[in-house]
Structures are given as structure tokens and as C-alpha cells.
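Input: a single structure, listed below in C-alpha cells.
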Amino acid sequence: MTVQPGDMPCQWVRDTTALAQMAELIAKEDFVAVDTEFRRRDTFYPEVALLQLSAAGQCWLIDPLTLTDTQPLQALFQQTDLVKVLHSASEDLEVFERWLGVLPRPMVDTQKAAAMLGLGFGLSYRDLVQNLLSVDVAKDETQSDWLVRPLTDAQCHYAMQDVIFLAQCWPILATRAEGSGCLPWVFEESAGMVTGGRGPLAKFKSAWKLNSQQLAVLLDLIDWRENQARHRDRPRNWILHDKVILDIAKKIPTSMPQLADADAIPAGVLRKEGKRLLALVEAASERGLTDPPAPLPAPVNSRVRKLAKSLVPAMGLIATELGMNAEILMPSRELELLASFASGTSSLPRPPHWQGWRKSTVIEPLELEAQRLLGGHMHAG
């Protein structure tokens, strides 16, 4: 029988004493369901507003705005025999890294577990709960301002259900994963999750076209903006928009009038940071000639794209045999990367997550298929 939020004891945690008591109780359990509420509208870092935990048939709402010592929570998150269960954890990890200075380990992401069990790729929490518990989770409070106090009863109910149902979903997923033999893979996949994503350079998709001077300027502007955004705790594009950075890198301005001609550069930025930006551009441009940065890889050619497309059926067959969703095995851009290695056109390092469970079950079979498609002339990777 599914336990509803109203059926489970829930306790507010607003001070160190209550936090330590909660941590002592949870530390005895095998796992704890974890979720956060935060705001990220006008800041670089997410502003943590609430932490929800559920374990041992109980639920806790932890108020970060009143806590003065988070050490008991840090210790709990690092407890090696306590599994921390989250759903779609990437943004939560950013919250923990900023707020607590630690990431929850060991951790399992139920969104990844669901994909590895063939339930759907990128499955929402609502769809996961509906699939496993036949419960429709209301999302009425998604856009709430969680930093305002006191929280409403509706907000508290919403926050509770996100961990109460998650704590009931995980044993079901774990049992299925153990039965299919992929439970260690689920933990391995979740353990590989880190903060930062692909980095800000990934947004500049045409950067491979830049010459060495332009690329050096682009990289230094990105670094400068990143430092400013972190220091001032403001979104990157509030500091300097992507299109402004790219236009400056392309034009390499040497004077204030030329800098002012950059695409959509704000007058305030020009007034406050103009001289500093010109000095940065000049230094980076000179370094681009004397010590050029490594060129960025160009998009794959038509031969590689064709090979990657030809590998899709093989990847689908692997996914079917494993009972997984194909997208969890390898995103399309990585399939093109594998095809690039197979055709001998890539000098990039292999992604770290191509090791482990993925190496023998996905990477090596696809490389063999690529060899076959290329007529057996590819050197085995």
C-alpha cells in the first residue's frame, strides 16, 4: 500500500540540535530519499531554500535559512553505508556543492535507474511515481518562491511528497535492477555524476571556425566572465552575453569605438569594463600568435555522420538485449565521436564514462560493428 504524505510523520528541522538528532536516526538506515527546493533566477549559484529527506518511515523538512551548523548533514552525506536516493540529481548536486561543500556519496539517481530498466529516458518524477506507485503527483507549487517564509501548507505538502514517494520508488527499482543484474551499473552511472556539465565553451558551437588569435580571445573572455559571474553571483549572460563575447573574439577590437561596435554590448559594460576588456583582448590576441591554443574539433564530416547513423540499429539491439532505453547507452553526439575514432578522424580523448560497465556492453560491440561497416580496415580501439 502506497504511503501518502498525510500518513507519515513529518518534522521541521531548524537548528543544529534537531539536525543532529535527525542525522543520528537516518544514519542507521540503508538509504534516504533526498530532494531540494531552490531559486535560481538572478544568481550564478542556486539559492538553497529547503532540503527534504525521507527514511525510516519518516519525513523531515530542513530549513537552510535558520541552520548555523551543517556538519551533521555533511557527515550524513558522506556516510559510505547510507545510499542517498535522488531523482534527476544534477541541479541538486550544484546546491550541495555550494551549500555544504560535499556531494552525497554513495548516491543513486532514480532517473538514470529508470532508463537502465527500460522505463523511459529522462523520465520525470511525476511519471516515475505514476509508473511505479500509480499515484498522480500534483505539481502546482513548481513555480513557488521557496525562500519566502513561512511556507504554505500546500508548499509543505508538495515538498514532502517529493521524498515520501521517492523513498517508496527506490526499493522497487533496486529489486528490478538486482533481478536484471544491472544494480551495480546503476550505482556506477550515478557515481559518475558531477557538477558543471560540459562547460560554458560548449555553447559556442561555431568556435571551431576561429583562428588562433580569435580563439585565444574567446577563451580568455569566457574565463573572465566565469570569474566575474562567480564573484558577483550573477548569471553568466548578465555579465556579458554569449553573442557579445563571440563578436568581440571575431573582431578583436583595439580601441573603444571598435569595442562599442561589438554586437549588442551594453553601454554599462562598455563604460565600466571597456578598458579592462581591451587589455584582455590585446594580451590574448598576442598570445594567440606566440602560444596558440589547441584548435577546437570541427564538426564531423558526412562519412562519419553516415557511419554513426549506420550504428544506430546495432545500438538499438544492444539496448533491447539489456532491457534499457537506448539513449542511456550513448547520446547521438557520442555516437558520432565513436564513429570518428573508428574512421581515424578524431584526436580527442575518450570520455571517462566509456569505461566501466559501458566498455564491454556498449563501446566494444559498437566498435566491432563499425569495423564491419568500414570493411574491417579500422584499427581496433
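The values are calculated or read from the model by the stated rules, or taken from the named source; none is laboratory data. The structure displayed is predicted, hence computed values, not measured ones. So basically every Cβ, Gly included, is an ideal-geometry build from the backbone, and we count neighbours across all protein chains shown. Note: accessible area is taken over every heavy atom of the protein model, side chains too, but ligands, DNA and RNA are not part of it. Shrake-Rupley method; radii C 1.70, N 1.55, O 1.52, S 1.80 Å.
Calculation over all alpha carbon pairs of region 129-245 in 10 angstrom steps from 0 returns a P(r) of 10, 22, 21, 25, 19, 4 percent.
In the chain, with Lys and Arg counted as +1 and Asp and Glu as -1 at Cβ, which of these residues, Pro349, Pro184, Pro257, has the Cα nearest the positive end of the dipole, that is, farthest along it? With unit charges placed on the Cβ atoms, the residue in question is Pro257. Legend: helices of the chain (whole DSSP H runs) are marked when their alpha-carbon atoms reach 18 angstrom or more along the helix axis and their mean Kyte-Doolittle hydropathy is at least -0.5; marked are 153-180, 267-290, 302-322. Listed by chain and number, the lysines whose alpha-carbon sits under 21 Å from that of Lys84, ignoring those within fewer than 8 places in the same chain, are Lys28, Lys112.
Think of region 175-244 as a dipole: +1 on every Lys or Arg Cβ, -1 on every Asp or Glu Cβ, centred on the Cα centre; then among Val244, Val194, Leu219, Val244 lies furthest on the positive end.
Take 126-137, 165-176 and order them by the average number of nearby Cβ atoms within 10 Å per residue, most first; the result is 165-176, 126-137.
Set against the 2.2 N^0.38 Å expectation for a compact globular protein, region 258-355 has a Cα radius of gyration ratio of 1.72.
Taking a ≥ b ≥ c as the square roots of the Cα gyration tensor eigenvalues, with a/c under 1.5 meaning rounded and otherwise prolate when a/b beats b/c, else oblate, which class fits region 203-257? Prolate shape, in that a/c is at least 1.5 and a/b is the bigger ratio. For Cys59, the shell of other residues with beta-carbons less than 12 Å away shows a net charge of -3, using +1 for Lys and Arg and -1 for Asp and Glu. Between their Cα atoms, which of Lys209/Lys251; Lys251/Lys275; Lys205/Lys309; Lys209/Lys243 are more than 19 Å away from each other? Beyond 19 Å between Cα atoms: Lys205/Lys309. Counting Lys and Arg as +1 and Asp and Glu as -1 over every other residue whose Cβ lies under 13 Å from the Cβ of Thr110, the net charge comes to -2. Using Cα centres only, tell me the gap between region 29-52 and region 194-222 in whole Å. Going from one Cα centre to the other spans 30 Å.
An oblate overall shape is assigned to the chain, the ratio a/c of its alpha-carbon gyration tensor axes (a ≥ b ≥ c) being 1.5 or greater and a/b not exceeding b/c. Between the amide H of Leu50 and those of Glu37, distances stay under 5 Å, these residues lying 5 or more places away or on another chain, with hydrogens modeled in the peptide plane.
The Rg/Rh ratio for region 225-294, using Cα coordinates for both the radius of gyration and the Kirkwood hydrodynamic radius, is 0.97.
What the chain shows is 50 Å² of accessible area per residue, with the surface traced by a 1.4 Å probe over protein heavy atoms. Size check on region 92-183: the Cα extents along the three principal axes, sorted descending, read 46, 34, 19 Å. For the listed peptides 32-39, 308-315, 183-190, a ranking on the average number of other beta carbons within 10 Å per residue, highest first, reads 32-39, 183-190, 308-315. When a/c is below 1.5 the answer is rounded, else prolate if a/b is larger than b/c, else oblate, so apply that to region 142-198 with a ≥ b ≥ c taken from the square roots of the Cα gyration tensor eigenvalues. In terms of gyration-tensor shape, oblate. For region 19-159, the percent of C-alpha pairs falling in each 10 Å distance bin, counted from 0 to the bin holding the largest distance, reads 11, 40, 39, 10, 0.
How many angstrom lie between the Cα centre of region 78-153 and the Cα centre of region 339-373? Result: 31 Å between the Cα centres. Counted by Cβ distance under 14 Å from Pro257, the other residues give a net charge of +2, where Lys and Arg count +1 and Asp and Glu count -1. About the centre of its Cα atoms, the chain shows a dipole size close to 1680 debye [charges on the beta carbon of Lys, Arg (+1) and Asp, Glu (-1) only; nearest 20 debye].
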